[in-house]
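Structure first, commentary second.
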Amino acid sequence: MMSCEHLLLLLLLGVGVTAVEVQRPRGVPLSKRQFYEEDKPFTCLDGSRTIPFDRVNDDYCDCQDGSDEPGTAACPNGSFHCTNAGFRPAFIPSSRINDGICDCCDTTDEYNSGAACQNTCREMGRKERESLQKMAEIAKEGFLLKQQLIQEAKRGLEDKKAKLAEVQVSKKDLEEKVEALRTVKETAEQPEKEAKERHLKAWEDEKALIRMEKDKARMAEVFLELDDDADGFVSVAELLSHSELDPDADGSFTEADAQGLLGGVDKVDTVAFESIWNNIKEKYISEANADTPAPVETPQEELREPVPDNDSEQYPEDDIPEEEEEDDEEDEDDDPDEIDYKSPPTIQTQEKKDDDDDEGTMPPFDQQTQDLIDAAQKARDEFDEAERALREVDDQIKNLDKEISFDFGPSAEFAYLYNQCYELTTSEYIYRLCPFSRVSQKPKYGGSETNLGSWGKWAGPEDNIHSVMKYEHGTGCWQGPSRSTTVKLTCGKDTVVTSTSEPSRCEYLMEFTTPAVCQEPQSLDSLYHGHEEL
């Protein structure tokens, strides 16, 4: 798409239909007519020498710059000016003069070659003027659309500023609400915490009592197992039958060792047995389990789960099965001293687990405690909801500030492109341009998307900076730079991506038409008025 300035220039150059031709030597442009006066000697345009005027176009090159032979092929560095009345004037190398090929549409370059040339300038001019007329109409429509975009952007900016002021007021109200609900939450959580602690302590006391009763029952059971002769006493000899009770574990359980366990006496009754019970209960193996081989204890280091080489491959928390999550919640309610206990189930730990199972689960909270929990949870939910609303308002303010302060052009004419995306499909790829965001490329028949650059800046020339967009820091090329895209904006009544290319490796070029760059065109009448033949 031609720029508006280019369009006007072409229209200007095509207005020779009704103008008057100015006489000058063959091959001389109007701009240099003043240097070719027939009644005066001719001075080479480079000033190298002066010659009689009759040596101009005499088919002999007198001037080093070839300026004395504008209408012949005598000078190798000369040029010939095609007047092309009715079309656009042009220059051709002097070597093409009278070469039998018509280069000028007015046939003036073949004045002495005998070539059968036809003057096509008027027809070419007519077609070009029709084309330029259509382009001018498009530019005019685009400019009118641009004015609408500017008005819409102005209204949109006013709406955003009003919305920002409204949201900022609501933020203050929400901040006050959050702080008030924080106080309510903290006030409700304190009695909840105390009630839960009382409930847990009562449950721990109850479990301790259960464990104590079970320990007494086991002690009585072990006493009976050790009292082989059923005489109501556990003797040194009876104790020696349980080598696992050897205090120094040196493989030799002597009578002295056994007597030491009994408190220095030869035998103890049930009352005295209570005093030594704590010394033997952890090591004692019930005779019912004597024939069962003890499991090999695995060192704690080997029990730890292996750490994957790639941390990113660990399962996210959302992938934990519901049953495991429920188990974790139940563990939190267990005895704190037992939560981190993860050793393999040896006989003792298995017995401990059985004991815990016998203790049952913690009883539900009483109604008063449950009411406190419900009230605290309600306060937490209301506080969380208010905090979430405040975060959303902060995001709104951030986005509105960004849009209000963003450079959308001198009159915000590019604002309508914000949050929009435009696609161009080629034989291989689908290109996607999201102005002020990113450019991407995706294979047409499946495959992952490639980032061709994220919004960087306006990159046009100083006098028209908003004519080019630059997108940078895209996906890196293999052993090359990061991809980037330059987007050239041209005038059009439609907003569309018209072409893409990759002129350099990893550097893409995209053509994008939009009415936002259209300039106000001059009227054709003013362009045609008063211009003479070129």
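The values are calculated or read from the model by the stated rules, or taken from the named source; none is laboratory data. Computed from a prediction, not measured in an experiment: that's the story for all the values here. So basically every Cβ, Gly included, is an ideal-geometry build from the backbone, and we count neighbours across all protein chains shown. These accessible areas exclude ligands, DNA and RNA; they are computed on the full protein's heavy atoms, side chains included. Shrake-Rupley method; radii C 1.70, N 1.55, O 1.52, S 1.80 Å.
Is there a quick way to get the dipole size of the range 108-171? I mean about its Cα centre, with the Cβ of Lys and Arg at +1 and of Asp and Glu at -1; what is the value in debye to the nearest 20? Let's see the in-between values first.
Numbers: 13 positive and 11 negative charges, 115 e Å.
The calculated dipole for the range 108-171 is roughly 560 debye.
Over the range 148-221, with every protein chain in place, what whole percent of the accessible area is carbon and sulfur at 1.4 Å, could you tell me?
Numbers: 2780 of 5110 Å².
After summing per-atom areas, the C and S share lands at 54 percent.
Filter the GluC sites (Glu not before Pro) in the range 421-499 to those in DSSP coil with at most 16 other Cβ atoms within 10 Å of their Cβ, and list the result.
Numbers: sites: Glu423, Glu428, Glu449, Glu462, Glu472; in loops: Glu428, Glu449.
Those satisfying the criteria are Glu428, Glu449.
Counting only protein heavy atoms and using a 1.4 Å probe, what share of the accessible area of the range 63-139 belongs to carbon plus sulfur, as a whole percent?
Roughly 48 percent, rounded to a whole number.
Long-range amide H contacts for Ser67: which residues qualify at under 5 Å (H placed 1.01 Å from N, peptide plane, sequence gap of 5 or more or a different chain)?
It is Leu45, by chain and number.
Taking only protein heavy atoms and a 1.4 Å probe, what accessible area per residue, in Å², does the range 104-260 have with all protein chains in place?
Values: 9680 Å² over 157 residues.
Here the residues of the range 104-260 average 62 Å² of exposed surface.
Quote the FRET efficiency, to the nearest 0.05, computed for Asn77 versus Glu158 with a Förster distance R0 of 56 Å and r equal to the Cβ-Cβ distance. Each step should come with its number before you reach the end.
Details: r = 63 Å, r/R0 = 1.13.
Calculated transfer efficiency: 0.35.
Give the shape of the range 158-291 as rounded, prolate or oblate, defined through the alpha-carbon gyration tensor: a ≥ b ≥ c are the square roots of its eigenvalues, a/c under 1.5 means rounded, and otherwise the shape is prolate if a/b is larger than b/c and oblate if not.
Verdict is prolate for the range 158-291.
Sequence-distant or interchain residues sharing an amide H contact under 5 Å with Phe42, placed H: which?
Result for Phe42 returns Ile51, Phe53.
Starting from the residue with the highest accessible area, list Tyr418, Tyr60, Tyr429 in decreasing order, probe 1.4 Å. If you can, show how the numbers build up before the last one.
Details: Tyr418 45, Tyr60 145, Tyr429 70 Å².
Largest to smallest exposure gives the sequence Tyr60, Tyr429, Tyr418.
Hey, for a label at Thr426 modelled as a point 7 Å past Cα toward Cβ, could you say which residues of the range 457-485 have their backbone N under 11 Å away?
Counting backbone N atoms under 11 Å from the label point, the list is empty.
Which whole-Hz couplings ³J(HN,Hα) result when phi for each residue of the range 82-97 is put into the Karplus expression 6.51 cos²θ - 1.76 cosθ + 1.60, θ = phi - 60°, listed in order with x for Gly and Pro?
Per-residue couplings from phi come out as 8, 5, 6, 4, x, 9, 8, x, 7, 10, 10, x, 4, 5, 8, 6 Hz.
Can you give me the long-range amide H partners of Thr83? Hydrogens built in the peptide plane at 1.01 Å from N, cutoff under 5 Å, separation of 5 or more residues or another chain.
For Thr83, whose amide H was placed from the backbone, there are no distant partners under 5 Å.
Quick one: 3J(HN,Hα) in Hz for the range 66-78, Karplus 6.51/-1.76/1.60 with θ = phi - 60°, rounded, Gly and Pro as x.
Result, rounded to whole Hz: x, 6, 7, 10, x, x, 10, 9, 5, 9, x, 9, x.
Give a residue-ordered list of calculated ³J(HN,Hα) values for the range 371-382 (Karplus: 6.51 cos²θ - 1.76 cosθ + 1.60, θ = phi - 60°; whole Hz; x for Gly, Pro).
4, 5, 5, 4, 5, 5, 5, 4, 5, 5, 4, 5
Solvent-accessible area per residue for the range 373-506 at a 1.4 Å probe radius, Å²? Write out the running numbers ahead of the final one.
Numbers: 7550 Å² over 134 residues.
Computed with neighbouring chains in place, this is 56 Å² per residue.
Give me the percent of the accessible area of the range 453-496 that comes from carbon and sulfur atoms, probe 1.4 Å, all protein chains in place. Let's see the in-between values first.
Numbers: 1180 of 2400 Å².
Solvent-exposed carbon and sulfur of the range 453-496 make up 49 percent of the total.
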